[in-house]
Amino acid sequence: MVFEEYDFGEYLYERDHWIVFLAPNQSNLGTCVVALKRDEKFLGNLRKDEWEEMLRIISEIEDAVKKEFGATMFNWGVLLNSFYRQNTPPPHLHWHFIPRYRGKVTVNGETFDDPFFGYMRPRPPKRISRETFLEIGKRIRRRIKI
């Protein structure tokens, strides 16, 4: 499966069935996308081994982001709406991992906050340096046994 057309973000790591990316929008520090390696549109069509591996990845990423950045809690979602707009790539099953923070966190001199903690409100993309973006990925990756 080729993922370039999907803009899921920067490659972090992969397992047998899933690839983990650091999402381009870091308005919530540590936001990731976890994409299924095979072509699939529907969550209900996942196989048992794919679910089991996803449970491992959930645990890995939550643990890494909690230890590295002090996330308070995590939201997970499968949101395929944008694939049904015009001029988009075909739908592909992926998860959004969105850490949430009760307080501010500073990484590489850049401050991240979560002004809507406790609510699900869209956040505009946060502009951060490429250096900080790569540092976030490095810090998540170092906590995961690959």
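The values are calculated or read from the model by the stated rules, or taken from the named source; none is laboratory data. Everything quoted here is computed from the prediction, not taken from an experiment. Virtual Cβ from ideal backbone geometry, glycine too; neighbours counted across all protein chains shown.
Overview of values
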quantity: Residue, modelled with the lowest pLDDT, within segment 85-99, restricted to residues that are more than 20 Å from Lys37 (Cα to Cα) and surrounded by fewer than 18 Cβ atoms within 10 Å (Cβ to Cβ); calculated: Gln86
quantity: Residue in segment 58-72 that is without any contact (Cβ under 8 Å) to a residue 24 or more places away in the chain, among the aromatic types (Phe, Trp, Tyr) and either under 19 Å from Tyr13 (Cα atoms) or crowded, with 16+ Cβ neighbours inside 10 Å (or both) present; calculated: no
quantity: Residue under evaluation Glu10, criteria (1) touching a helix residue (DSSP H, G or I) at 6+ places or on another chain (Cβ under 9 Å); (2) acidic (Asp, Glu); (3) closer than 23 Å to Pro124 by Cα; (4) loosely packed, with under 13 Cβ neighbours inside 10 Å, criterion not met; calculated: (4)
quantity: Pairs where the first residue, in segment 1-13, is within 21 Å of Lys145 (Cβ to Cβ) and of a type outside the set (Phe, Trp, Tyr) and the second is in a helix (DSSP H, G or I) and modelled with pLDDT of 85 or more, C-beta under 6 Å, 6+ apart; calculated: Glu10/Gly137; Leu12/Gly137; Leu12/Arg141
quantity: Whichever residue in segment 88-146 is among the acidic types (Asp, Glu) and without any contact (Cβ under 8 Å) to a residue 40 or more places away in the chain and, among such residues, is nearest to Arg56 (Cα to Cα); calculated: Glu135
quantity: Residue in segment 1-43 that is nearest to the chain's Cα centre (by Cα), counting only those that are modelled with pLDDT under 95 and not in a loop (DSSP other than H, G, I, E, B); calculated: Tyr6
quantity: Leading residue by the ranking (modelled with the lowest pLDDT) among those in segment 127-143 that are surrounded by fewer than 16 Cβ atoms within 10 Å (Cβ to Cβ) and part of a loop (DSSP other than H, G, I, E, B); calculated: Arg127
quantity: Residue count, segment 116-126 (criterion: loosely packed, with under 11 Cβ neighbours inside 10 Å, over 16 Å from Asn25 (Cα atoms) and either modelled with pLDDT of 95 or more or of a type outside the set (Gly, Ala, Ser) (or both)); calculated: 1
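Here is a yes/no grid of residues against (1) touching a Lys or Arg at 6+ places or on another chain (Cβ under 7 Å); (2) among the β-branched types (Val, Ile, Thr); (3) in a loop (DSSP other than H, G, I, E, B):
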residue	(1), (2), (3)
Lys67	yes, no, no
Leu79	no, no, yes
Pro99	no, no, no
Thr111	yes, yes, no
Arg121	no, no, yes
Pro124	no, no, yes
